[in-house]
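S.K.: One structure coming up, written as structure tokens, with questions to follow.
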2 protein chains.
Amino acid sequence: MLSDRSARLGEGVGDLSRNVRSRTRREILDAASGLFAVAGFKGTSLQDIAAEVGCSKATLLYHFDGKDAILVEMLAPAVGAFGVLDRQLAGLADDTVQLAAVKGYVDLVLSFRREVTVLHGDIPGLLRHPALADVQGMVDRLLDALASRSPDPSAQVTALMVLGAIPIVCMKPVAMNDDELRDVLVRSAAGALNARGA
Amino acid sequence: MLSDRSARLGEGVGDLSRNVRSRTRREILDAASGLFAVAGFKGTSLQDIAAEVGCSKATLLYHFDGKDAILVEMLAPAVGAFGVLDRQLAGLADDTVQLAAVKGYVDLVLSFRREVTVLHGDIPGLLRHPALADVQGMVDRLLDALASRSPDPSAQVTALMVLGAIPIVCMKPVAMNDDELRDVLVRSAAGALNARGA
DNA sequence: ACAAAAACTGACCGATCGGTCAAATGCTGT
DNA sequence: ACAGCATTTGACCGATCGGTCAGTTTTTGT
């Protein structure tokens, strides 16, 4: 679970080498994310990924330190963006944080559909992973923001609902462009959050 | 966990035999559902279940035809109740079906939290199971009902959101009794559904 | 052209998976 | 007491899992 070879090697090599290497790595990550999304992390074997990429299983483990490393590196951009959102929301006041959380969360999910699908597909198993440990805290703070940082249990339940409502659009394909979809998601989520008090 | 098997000697022979058998089966199903809920179906081995029950792996396979059979029988009551809801909604008019769908779905989820958690934890893998094939159709019809049977894509997206919003309360324990929780869920879901058009 | 480095692979490993089976054990009715 | 049935179990099976390694092919710098 330590750093893979790309960190140690590839320092003094030529551009072509780096391109070939990074391209293979990207192909592996693409194939893996697709398979993880439809069959889950545990439901996808290294053999499956190797067959999809068109290489041997050993090649995967030459480029990555293990199956977990593939998963972690695949989720890295999404986790990073989630961290940015987390820090943004931390600086907002209680009366403005809710709408910002909804919009930011919707944007995040729509920007990383595949990653969200993978994460959503095996929440208990993956959030237990050490490399994804901080995600749990970010989720908790996002929930708090969605509830306007209110201690009211009903507000927290509604926040929980919004948390679960957005990622599901990653599963079923929908006949809408992303701008319209984003609008519907934000408006409906806001409707749910407002309905609690009304 | 099977220590008090010899109690109630005065009972009828057939009844006792059947009770012992059905109780062991129930213990297996309870242990399995708990493990499935926290680790997922694929993430739970027969060894894990056997250890939790306190018996051998072979005993599980004496009572059930296989790991899948445990899963199917565990989900059977929930699937049956879902079927009842499905038939109820089928007889409702387009302008009354939405609220009934919300209430019925919320009740269903709250009545079968564990089963919903298990199903929700491995949707793609489990809905592919032959014994759960009809669930997919029921989900589609529930989505249609939640959208008031409207072909409007935005209505269908909101229905999808409600579908995903409810089961998440099964994951995180919440400090509310079921009546209050049911009320919040129904009201917030209705808020999301109404916000679309407003 | 050629040695070194990088990329790749087949063969193999221990562990674990779901599942089978014959034998052992406990319980029941007579 | 005894025959018969239900229940339980350890030993075992083939398949597959993630992962390792020695060796081969391809690419690179000179």
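The values are calculated or read from the model by the stated rules, or taken from the named source; none is laboratory data. The structure displayed is predicted, hence computed values, not measured ones. When we count neighbours, we look across all protein chains shown, and the Cβ atoms used for this are built from the backbone with ideal geometry, even at glycine. For accessibility, only protein heavy atoms count, side chains too; no ligands or nucleic acids. Shrake-Rupley method; radii C 1.70, N 1.55, O 1.52, S 1.80 Å.
S.K.: Need pairs with beta-carbon distance below 9 Å; first residue more than 8 Å from every other protein chain (Cβ to nearest Cβ) and within segment A:178-195, second open to solvent by 80 Å² or more (accessible area, probe 1.4 Å); sequence gap 6+ or separate chains.
M.R.: So the pair list comes out as A:ARG182/A:LYS103; A:VAL186/A:LEU99; A:VAL186/A:LYS103.
S.K.: Between residues in segment B:153-167 that are closer than 15 Å to A:PRO173 by Cα and more than 7 Å from chain A (Cβ to nearest Cβ) and residues that are open to solvent by 10 Å² or more (accessible area, probe 1.4 Å) and hydrophobic (A, V, I, L, M, F, W, C), which pairs lie under 6 Å by C-beta distance while being six or more apart or on different chains?
M.R.: B:ALA159/B:LEU143
S.K.: Here's another thing I want to ask about it. For segment A:41-59, check the following and say yes or no: at least one residue is over 19 Å from A:MET161 (Cα atoms) and within 11 Å of the chain's Cα centre (by Cα).
M.R.: No, because not a single residue in segment A:41-59 is over 19 Å from A:MET161 (Cα atoms) and within 11 Å of the chain's Cα centre (by Cα).
S.K.: Continuing with the same structure: For segment B:40-94, how many residues meet the condition of being away from DNA strand D (no atom under 16 Å from the Cβ) and either surrounded by 17 or more Cβ atoms within 10 Å (Cβ to Cβ) or not basic (Lys, Arg) (or both)?
M.R.: Keep residues of segment B:40-94 that are away from DNA strand D (no atom under 16 Å from the Cβ), which gives B:71-72, B:74-94.
With the extra rule that they be either surrounded by 17 or more Cβ atoms within 10 Å (Cβ to Cβ) or not basic (Lys, Arg) (or both), the set shrinks to B:71-72, B:74-86, B:88-94.
So the answer is 22.
S.K.: So, one more: What number of residues within segment A:58-116 satisfy the criterion of being within 14 Å of chain B (Cβ to nearest Cβ), closer than 22 Å to A:LYS172 by Cα and either within 16 Å of DNA strand C (Cβ to nearest atom) or touching a residue at least 60 places away in the same chain (Cβ under 8 Å) (or both)?
M.R.: Number of matching residues: 6.
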